[in-house]
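Participant: First the structure, which I've put down as structure tokens, then a few questions once you've had a look.
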Amino acid sequence: MSTAAIERDRASTPVAPKITISQKLEQLSPTSRRTTFMKIARIMTGRDGSRSPSPSSRHRARFDEDPVSPSTTPVSSGPCAFDDSPTTRTRRGRSLVAPTLNLLKAVEAFSELSVHDSKALGTLPDRQLVNLLRCTGTQELLQLAQVSRRFRDVVTKNSSLWETVDLTFLSDAHDSFSIVQFIRVHRGAARTVKLYHGVNSTAITRILQCCPNLEHLIIPYTQVELSKVFLRHQFIRMKHIDVGYDQSAITDGDLHLLAACCPNLSSLNINYSLVTDEGIGDLLLTCLHLTELFIGGCLNLTNKAFEYLATRSQTLQSLEFGGRPLYYQQSFTTKGLRPFQDCSFSLQRLRIVYCMHLGDNAVMFLSKQFPDFVEFSIIRDCSEQTVKITDKTVEELSKNCPKIEKLVINFARQMGNHCGIPLAAFRHLRVLDLACSLVQCSLEPLCTGCPFLHELNLSGDSWVTPTSLNGIMHHPTLAILWLGHIDHGDTDCARFDTDYSATGWFVVSLFKKGFLSLMNLHLEPRCRLSQWIGERLIGVRPKLQITTDSDFDED
């Protein structure tokens, strides 16, 4: 073939449209983009496990050693390797393109971008770069600000990047003064602030002073008195406050001041606090728009709190109440729930945790009063003194609340051999959590009765039988499965020390033929049979994400 003919064929061949670097990155999911930029930040700041830059070369953003991915060749020897030729360096020896090339190498290594697309990242406009950086967290932004002057300007001069400030990566030994300087540059931009574990009152006050337009505040474990923090602040736009944690020191006085400073609250989490019935009553008189209230683990509450909720709230949609794992709530009774007969709101989400006297009768009563339930959870423990949950309760719940999408029933020890039939009546069910409940019947009715089921939790001391797994293996949409102790209890794992043939191989065969839509499998930790099954399934289902305890102690 002549040269002219070759040129004609080449000209007639359609050329695929070129995809720019921004388009390819924007096609990634938010999680993938966040992971990409986290790795980019580690590479360019020397925190990726490779050789850290020396103090003299810290500002060059140039590293000769790059991380080696197990599935790829070393980036330093690839087409995007750092070019150390004289044309790329200034008279003082500082690289002009090192930050860009290091960023290109990171993107190509972790996003599987082609060389030609990666070169376009150096000319990416600031507006598109900001759109990509919105997927990162505060820690990654602070790391990227150290890469080069351009990245520092992009990070510090765009208020949209500081709408969410996540400081959970700090510890109580860190000083938040440097972080406050970044927040202060964009005073009023922060809408959500997540503080770190052990934060003191001085740090909280200093951060809140820079966030007058705050809408969502999360404070983890701390013994700081909130009355001292909110004493001189007024947050009219505050919608969500989460201060629920173990050993909380919040009292009625703190709650009263908190409500006065944030009158427009719509969600409040004060789990494990020391508040009483009167504190809840005063809160409902001040915060008239409260839609979510979490008061689980508040052992000082009594049935009087239900009376205040029923008479003083008109907008409540989500509620959590109860005791603690080792300290059951014994003051709440089914009789105390009667004020909800005359309430003016309609609950959609209810979570009952560790209540000694709330069982079948309480669930039936609540299901009749609130037929619009979307989520219903009753969390219990192995205590034999608690009121039980039976199949009859599940059947009544499905009749009264057909819209339920998430159902959680833990430690239901009296569910019968046909519990799959009443469970299959929840047509809109997406998440079913039966952790530590005896599930020894066939779950085949769920395959047709719950066509939207996405996650099933059978973890813990649930005695899952091969019959149960055989029934659920052909569900068309099940993507997440939690498996507990299979065909034995949590105290009988020792009998599987040597013989796994019967039960283990049967379970492995089920995953060969079924569970085709499954994406994540969580096996019971500290269980020898589960670990054995997980090792075999790696070869049978290589694309299945299997989580188990790999550090199990054989002794």
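Participant: Can you tell me which of (1) open to solvent by 60 Å² or more (accessible area, probe 1.4 Å); (2) within 29 Å of Val154 (Cβ to Cβ); (3) touching a Leu at 6+ places or on another chain (Cβ under 8 Å) is the one His256 doesn't meet?
Facilitator: Evaluating His256 over (1) open to solvent by 60 Å² or more (accessible area, probe 1.4 Å); (2) within 29 Å of Val154 (Cβ to Cβ); (3) touching a Leu at 6+ places or on another chain (Cβ under 8 Å) leaves (2) as the failure.
Participant: Continuing with the same structure: How many residues does region 429-450 hold that are assigned to a loop (DSSP other than H, G, I, E, B) and either under 15 Å from Val394 (Cα atoms) or modelled with pLDDT under 95 (or both)?
Facilitator: 13
Participant: Exactly one of these conditions fails for Asn361: (1) modelled with pLDDT of 90 or more; (2) open to solvent by less than 40 Å² (accessible area, probe 1.4 Å); (3) under 30 Å from Pro445 (Cβ atoms). Give me its number.
Facilitator: (2)
Participant: For region 273-292, indicate whether the set of residues that are among the acidic types (Asp, Glu) and closer than 24 Å to Asp372 by Cβ is non-empty.
Facilitator: yes
Participant: Can I ask one more? When only residues in region 195-212 that are part of a loop (DSSP other than H, G, I, E, B) and either open to solvent by 40 Å² or more (accessible area, probe 1.4 Å) or aromatic (Phe, Trp, Tyr) (or both) count, which is nearest to Leu290 (Cα to Cα)?
Facilitator: Here the residue is Pro212.
Participant: Please work out which one of (1) modelled with pLDDT of 75 or more; (2) more than 15 Å from Cys287 (Cβ to Cβ); (3) open to solvent by less than 60 Å² (accessible area, probe 1.4 Å); (4) not acidic (Asp, Glu) is the condition Met238 fails and give its number.
Facilitator: If we test Met238 against (1) modelled with pLDDT of 75 or more; (2) more than 15 Å from Cys287 (Cβ to Cβ); (3) open to solvent by less than 60 Å² (accessible area, probe 1.4 Å); (4) not acidic (Asp, Glu), just (2) comes out false.
Participant: Mind listing just one residue for me: the one in region 508-524 that is in contact with a strand residue (DSSP E or B) (Cβ under 6 Å, 6 or more places away or on another chain) and closer than 22 Å to Cys493 by Cα and, of those, most open to solvent (accessible area, probe 1.4 Å)?
Facilitator: The selected residue is His522.
Participant: Go through (1) touching a helix residue (DSSP H, G or I) at 6+ places or on another chain (Cβ under 8 Å); (2) at pLDDT 85 or above and name the single condition Pro542 misses.
Facilitator: (1)
Participant: Within region 404-412, is even one residue among the acidic types (Asp, Glu) and either without any contact (Cβ under 8 Å) to a residue 24 or more places away in the chain or open to solvent by less than 40 Å² (accessible area, probe 1.4 Å) (or both)?
Facilitator: no
Participant: Which members of region 359-382 meet the condition of being under 29 Å from the mean Cα position of the chain (by Cα) and in a loop (DSSP other than H, G, I, E, B)?
Facilitator: Phe370, Pro371, Asp372, Phe373, Val374, Arg380, Asp381, Cys382
Participant: Please find, within region 525-549, the residue that is surrounded by the most Cβ atoms within 10 Å (Cβ to Cβ) out of those that are over 24 Å from the mean Cα position of the chain (by Cα) and in a loop (DSSP other than H, G, I, E, B).
Facilitator: Cys527
Participant: Among the listed residues Phe426, Phe373, identify the single one that is within 23 Å of Leu347 (Cα to Cα) and in contact with a Lys or Arg (Cβ under 7 Å, 6 or more places away or on another chain).
Facilitator: Just a single option satisfies the conditions, and that option is Phe373.
Participant: Among Leu309, Leu283, Leu290, which is the only one that is crowded, with 20+ Cβ neighbours inside 10 Å, among the aliphatic types (A, V, I, L, M), in contact with a strand residue (DSSP E or B) (Cβ under 8 Å, 6 or more places away or on another chain) and closer than 23 Å to Met356 by Cβ?
Facilitator: Leu309
Participant: With respect to the numbered conditions (1) in contact with a Phe, Trp or Tyr (Cβ under 7 Å, 6 or more places away or on another chain); (2) surrounded by fewer than 23 Cβ atoms within 10 Å (Cβ to Cβ); (3) over 20 Å from Val165 (Cβ atoms), which one is the sole condition not fulfilled by Cys261?
Facilitator: That leaves (3) as the condition not met.
Participant: Within region 176-194, take every residue that is part of a loop (DSSP other than H, G, I, E, B) and not polar (S, T, N, Q) and give me the one that is modelled with the highest pLDDT.
Facilitator: It comes out as Arg191.
Participant: If Thr333 satisfies all but one of (1) at pLDDT below 90; (2) open to solvent by less than 50 Å² (accessible area, probe 1.4 Å); (3) part of a loop (DSSP other than H, G, I, E, B); (4) β-branched (Val, Ile, Thr), what's the number of the condition it fails?
Facilitator: (1)
Participant: Continuing with the same structure: Scanning for something hydrophobic (A, V, I, L, M, F, W, C), buried (at least 21 other Cβ atoms within 10 Å of the Cβ) and within 20 Å of Ile533 (Cβ to Cβ), does region 413-434 turn up at least one residue?
Facilitator: Taking every residue of region 413-434 in turn, at least one turns out to be hydrophobic (A, V, I, L, M, F, W, C), buried (at least 21 other Cβ atoms within 10 Å of the Cβ) and within 20 Å of Ile533 (Cβ to Cβ).
Participant: Right, another one. Are any residues in region 392-427 at pLDDT below 85 and not in a loop (DSSP other than H, G, I, E, B), and if so, which ones?
Facilitator: Within region 392-427, Gln414 is the sole residue that qualifies.
Participant: Does Ser318 satisfy being within 27 Å of the chain's Cα centre (by Cα), closer than 26 Å to Lys406 by Cβ, of a type in the set (Gly, Ala, Ser) and at pLDDT 95 or above?
Facilitator: Criteria met by Ser318.
Participant: State whether the residues of region 261-269 include one that is among the small types (Gly, Ala, Ser), modelled with pLDDT of 90 or more and within 29 Å of Leu309 (Cβ to Cβ).
Facilitator: Yes: region 261-269 contains one or more residues that are among the small types (Gly, Ala, Ser), modelled with pLDDT of 90 or more and within 29 Å of Leu309 (Cβ to Cβ).
Participant: Next up: For region 135-175, what are the residues that are assigned to a loop (DSSP other than H, G, I, E, B) and loosely packed, with under 13 Cβ neighbours inside 10 Å?
Facilitator: Residues satisfying the conditions are Lys157, Ser171, Asp172, Ala173, Asp175.
Participant: Find all pairs meeting these conditions: Cβ atoms under 6 angstrom apart; at least six residues apart or on different chains; first residue within region 282-295 and touching a residue at least 12 places away in the same chain (Cβ under 8 Å); second residue part of a strand (DSSP E or B) and among the small types (Gly, Ala, Ser).
Facilitator: Filtered contacts from region 282-295: Glu292/Ser267; Glu292/Ser318.
The values are calculated or read from the model by the stated rules, or taken from the named source; none is laboratory data. As the structure is a computational prediction, the values presented were derived from the model and not from experiment. Counting neighbours? That spans all protein chains shown, and the Cβs are built from the backbone with ideal geometry, glycine included. Please note that ligands, DNA and RNA were not included when accessible areas were found on the heavy atoms of the full protein model with its side chains. Shrake-Rupley method; radii C 1.70, N 1.55, O 1.52, S 1.80 Å.
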